[in-house]
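> One structure follows; several queries about it will come next.
The values are calculated or read from the model by the stated rules, or taken from the named source; none is laboratory data. Everything quoted here is computed from the prediction, not taken from an experiment. A quick note on method: Cβ atoms are made from the backbone with ideal geometry, for glycine too, and the neighbour counts reach across all protein chains shown. Side chains included, ligands, DNA and RNA excluded: accessible areas come from the protein's heavy atoms. Shrake-Rupley method; radii C 1.70, N 1.55, O 1.52, S 1.80 Å.
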Amino acid sequence: MRYLTAGESHGPELTAIIEGLPAGMPLLAEDINLELARRQGGYGRGGRMKIEKDQVRITSGVRHGKTLGSPVTLIVENRDWKNWQTVMSAKEVPEKEQKLRQVTHPRPGHADLVGGMKYHHDDLRNVLERSSARETTMRVAIGAIAKKLLKELEIEVAGHVTVLGGIKAEIPAEISLAEVKKRSEKSEVRVVDASVETQMKQLIDQTKKNGDTIGGIVEVLVGNVPAGLGSYVQWDTKLDAKLAQAIVGINAFKGVEFGVGFEAANLPGSKVMDEIIWTKEVGYRRKTNHLGGFEGGMTNGETIIVKGVMKPIPTLYKPLMSVDIQTKEPYKASVERSDSTAVPAASVVAENVVATVLAEEILAKFSSDSFEELKEAVMNYRQYVKNF
């Protein structure tokens with residue numbers, strides 16, 4: 001499976017083309033719209049979410065509710081486009097109109113300045129329109145399809161927030177994926193620990209009043225993953241490495257860890273490695289899951305546990321100092337419509353990019369021209385692994 005996304009934040013639409021899906025997989029626009037709505041939710045979101053109510057149009061690759069095996073095209077229209085038709089026109093416009101909403105004061109921590117240098121843009125809007133987190137709309141749309149595929153293979157994905165603005169959510173040791181999904185869906189800040197929700201919302205409100213932003217940590221769990229996805233034979237075939245790239249590829253994400261993650265540096269090996277056991281009912285298992293479901297770059301059959309850290313959004317309503325790229329004089333950075341935090345929404349994005357990577361890996365490993373063929377191949381492989 002491979003895909004491309006395209007579109008600008010204030011352009012007419014966002015687009016994705018996905019190739020390599022098996023034929024015969026059930027897929028409706030409603031499956032994708034559910035995930036798009038989840039991405040737009042969460043406490044701390046800004047005014048853009050009141051404008052955009054993302055709905056997908058499937059324009060190829062699906063007929064009568066099932067995939068055809070040909071490329072699938074997804075389109076999400078930007079409702080705010082009506083206010084930007086001159087600014088973002090693909091046609092030539094008079095020089096005076098080219099200056100409308102021009103950006104020359106780059107925001108610290110954003111792609112504005114370096115992107116302008118790289119692509120020789122004297123209007124940094126040419127950079128920020130694509131580097132905006134609005135781009136994650138299509139990665140969630142693609143992830144929704146991946147989630148659908150995984151669910152049909154009895155693989156479940158759940159995400160939640162573990163830290164927001166320094167406030168930590170306690171996570172019960174034996175909580176199930178189903179319970180994580182249930183609790184996080186009920187929470188406006190997507191936590192499983194209801195006792196910290198009010199504190200987090202108060203911090204978000206105060207941060208907004210201060211014209212500032214806050215970041216946090218999200219966690220994605222994937223259960224019932226077959227052992228043996230990924231490979232140890234080359235560095236770029238390791239599945240945890242692919243997931244790490246996908247997580248850090250989300251806008252504003254700056255770090256990733258699996259299982260106990262960086263805490264492993266402070267622990268002896270006996271507290272990090274997961275002892276192997278075997279039972280006739282399930283085959284090989286691990287007593288613990290400190291390594292987050294990976295050994296040697298491959299899934300080991302345990303729940304995948306991956307965390308990502310999101311920095312505070314770089315657009316501040318009380319902007320930091322910058323420099324005008326034309327005059328070189330000091331100026332306050334430009335202000336675009338923004339959120340005080342997008343960490344709850346980012347947990348949804350993280351779920352979907354993880355699901356996408358896993359779907360890609362499954363489709364690469366198993367025979368998958370048709371969906372029935374894929375399901376049979378996965379079922380047979382699970383039985384093989386159990387009896388190994």
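> Accessible area per residue for segment 2-387 in Å², computed with a 1.4 Å probe and the full protein assembly in place, what is it?
50 Å²
> Let me ask another. Per residue, how big is the convex hull around the C-alpha atoms of segment 60-217? Give it to me in cubic angstrom, could you? Walk me through the numbers on the way to the answer.
Working: hull volume 32.4 nm³, N = 158.
Hull volume normalised by residue count: 205 Å³.
> Around Val191, which amide H atoms from residues at least 5 apart in sequence, or from another chain, sit under 5 Å from its own amide H, with H modelled in the peptide plane?
Val161
> Taking just the alpha carbons, could you work out the radius of gyration and Dmax for segment 1-143, both in angstroms?
My reading of the Cα-based Rg and Dmax gives 17.2, 52 Å.
> Check which residues have an amide H placed less than 5 Å from Ser60's amide H, if you skip close sequence neighbours.
Amide H to amide H, under 5 Å and 5 or more residues apart or across chains, Ser60 pairs with Thr73.
> Report the one residue of Phe262, Met1, Leu363 whose Cα lies farthest in the direction of the positive end of the charge dipole of the chain (charges on C-beta: Lys and Arg +1, Asp and Glu -1; origin at the Cα centre).
Value computed over the given set: Phe262.
> Sticking with this structure for a sec: Quick one: pull the percentage of alpha-carbon pairs in segment 26-97 with a separation above 17 Å. Walk me through the numbers on the way to the answer.
Details: 1516 of 2556 pairs.
Considering segment 26-97, 59 percent of its Cα-Cα pairs are separated by more than 17 Å.
> Starting at 0 and stepping by 5 Å, how many percent of the alpha carbon pairs of segment 136-273 end up in each bin?
Per 5 Å bin, starting at zero, the Cα-Cα P(r) for segment 136-273 comes out as 2, 8, 13, 18, 22, 18, 11, 6, 2, 1, 0 percent.
> Moving to a separate point now. Once amide H atoms are built 1.01 Å from N in the peptide plane, which residues 5 or more positions from Thr67, or in another chain, come under 5 Å H to H?
Distant-sequence amide H within range of Thr67: Gly24, Met25, Leu27.
> For segment 2-387, with only Lys/Arg (+1) and Asp/Glu (-1) charged at the beta-carbon, what is the dipole magnitude about the Cα centre, in debye rounded to 20?
Approximately 660 debye in magnitude.
> For helix 197-209, report the angle its Cα long axis makes with the longest principal axis of the Cα atoms of the chain; keep it between 0 and 90° and round to the nearest 10°.
That works out to roughly 20 degrees.
> Helix 371-386 sits at what angle to the longest principal axis of the chain, using alpha carbons and giving 0 to 90 degrees rounded to 10?
The angle comes out near 50 degrees.
> To make sure I understand the rule: partners must be lysines, Cα under 26 Å from the Cα of Lys271, and not fewer than 8 residues away in the same chain. Which ones qualify?
Lys168, Lys238, Lys242, Lys287, Lys307
> Then there is this: How many percent of the accessible area of segment 264-388 is carbon or sulfur, using a 1.4 Å probe? Can you show the working numbers first?
Working: 3620 of 6360 Å².
C and S fraction of accessible area: 57 percent.
> Helix-only estimate, please: 222 nm mean residue ellipticity of the chain, summing -39500 (n - 2.57) across DSSP H runs of length 4 or more and dividing by its residues, to the nearest 500.
Numbers: 11 runs with 124 residues, N = 388.
Estimated from H runs of four or more residues: -9500 deg cm²/dmol.
> Over the alpha-carbon set of the chain, work out the extent along each principal axis and list the three values in angstrom, largest first.
Cα extents, longest axis first: 74, 49, 39 Å.
> Averaging sequence separations of C-alpha pairs under 8 Å and six or more residues apart, then dividing by the length of segment 2-387, give the relative contact order as a whole percent. Can you show the working numbers first?
Working: 790 pairs, mean separation 87.2, N = 386.
Relative contact order of segment 2-387: 23 percent.
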